[in-house]
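Worksheet for the structure shown next.
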Amino acid sequence: MKVTEACRAREVPTAGFDTPLLVPSFSSRGFPNLAVLYDFLSSEVPEASLISAYDLHHRSLPLESVNGSDTVFVDSGGYEAKLTYDPDEAYVDDRRGNVWSLGQYRSVLDGLEPFSQVVMVSFDHAGTLPLAEQVASARSLFAGYPRYASDFLAKPETTDAPFVNAASIAADIGTIAGSFCILGVTEKELGGSMLERCRNLLRIRGALREAGSETPIHVFGCLEPLSILSYFFCGADVFDGLSWLRFAFSYPEGRVSHGPTDTMTRGEWRYPDGELRAARWVRNLGVLRDLGGAMEDYCENRSVEGLTAWEGLGEVLALVSAAGLNLEEGGFDGW
C-alpha cells in the first residue's frame, strides 16, 4: 500500500469531524485525584478528549465532563475496572476495580446530557468472544444510542490469544465497516512488536480499501509521538492515551522520558515538583497539537515540513517500510 493511500483525512459519520485526531485521555487508574486534575487541564483540550463511563459512574468525574471538549470519547470502562498487568507502564499498582457491567455502562449513557459530539466505545469488559459475537453485541448496544458515533473496539477472541486476529478482522471487514463509525484496536493487542503492529494495521487498512471503505481506525492507548507517526503512516487515524500525563515528550527528538529525567535535561531542578508536573502536562499537549497539525497538513496537501522536523522520523520510515508500506510519491525522498 502507498503512504498516500494510507494517510488521508477521513470523516467520522454522525460526529462530523475529520481525522487525523489526537485525543488526550483522562482516567482514575493511576490518578486518584482525577476530578482535580481534570478541572485543571480540561480547558487545555478543547478539540477532543477521552473519559471513562466507569469514572462517571463512580463519581471520579462529574457528568458535566462529557462537555469538556468539542468531541468527547466515552470509553466503556474496561481499563479502569480490570487490572491488567503491563510491563511498559510507568508503574503497576495493586488497585482492584469495582464491579462493572454493561447495565451500568448503559445507565451512564442514559444519563448523559451532551452538547458536545459524543463518540461511544463498545463494551469491552464481558470476557473473550468470537469476533462475530463482538460485532453483534456492539451493534445491539449502539442501536440504543443513534445520536452518538460508534467506536467498535475489536478484542482478542480467546483467552489464550493476547492479540487481535487481523486476518479475522479483514475477513469480516464489510460487516464491520457497514456497522460502525470507527474501528478500534488497542496498541498492545495489535501485535507483539512495533513491526507486527504496523503490518497488522496495513492489513486492516488494505482490507478496508478493498471493501471501498474509508472507515477511520482508532488505536487505543497510544499517544507517544513517534508511535503515533508509525501507526499513522500505516493507516491509523485516531489516537488516545494517558502517556501525556505520565511522561515528558521532547520535541524535536521525539523522546519520552520520566519526569526527573526531563527536569535534569532542561535544567529545571530548582522548581517544585508540582509546578514542573503541571508544566510538563501543558507542554506535552502543545507537542501533541503541533504533531496533529503536521499530520493534518500531510493529509490535506502532502506537506512534509512539519513531519521532517522530528529527528526520529528516519527510524519511523524504516519501520513502516519494513512493514510493507510504499513511500514512493509520499514526499520523503532522501530519508
Once you order the gyration tensor axes a ≥ b ≥ c over the Cα atoms, which shape class does region 13-242 get: rounded for a/c under 1.5, otherwise prolate or oblate by comparing a/b with b/c?
rounded
May I ask you to derive the relative contact order of region 180-249, considering only C-alpha pairs under 8 Å and at least 6 residues apart, and to give it as an integer percent?
35 percent
Quick check: Cα centre of region 105-172 to Cα centre of region 23-56, how many Å?
21 Å
Which one of G221, G241, G77 has the biggest mean-square fluctuation once the chain is modelled by GNM with Cα springs under 10 Å?
G221
Please give the Cα centre distance for region 288-315 versus region 191-235, rounded to the nearest Å.
17 Å
Assigned charges on the beta-carbon of Lys, Arg, Asp, Glu; region 13-242 dipole about Cα centre (debye):
460 debye
For region 217-317, listing trypsin sites (Lys or Arg not before Pro) in a DSSP loop whose Cβ sees at most 14 other Cβ atoms within 10 Å gives R270, R302
Tally Lys/Arg at +1 and Asp/Glu at -1 over every other residue whose Cβ is under 12 Å from the Cβ of G306; what's the total?
-3
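Taking the Cβ of each residue in D273, D262 as the centre, tally the other Cβ atoms inside 10 Å and list the residues starting with the fewest.
Values: D273 10, D262 21.
Arranged by neighbour count, lowest to highest, D273, D262 become D273, D262.
For region 1-90, state which chymotrypsin sites (Phe, Trp or Tyr not before Pro) are in a DSSP loop and have at most 13 other beta carbons lying within 10 Å of their beta carbon.
Values: sites: F17, F26, Y38, F40, Y54, F73, Y79, Y85; in loops: F17, F26, Y85.
Sparse-neighbourhood loop chymotrypsin sites (Phe, Trp or Tyr not before Pro): Y85.
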Net charge of Cβ neighbours under 14 Å - reference R139; Lys, Arg +1; Asp, Glu -1:
-3
Would you tally the net charge around A161, using a Cβ to Cβ cut-off of less than 10 Å, leaving A161 out, and scoring K and R as +1, D and E as -1?
-2
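FYI, it's all coordinate maths here, none of it is from the lab. Note that the structure is predicted; figures quoted are calculated from it, not measured. Positions of Cβ are backbone-derived with ideal geometry, glycine not excepted, and every protein chain shown enters the neighbour counts.
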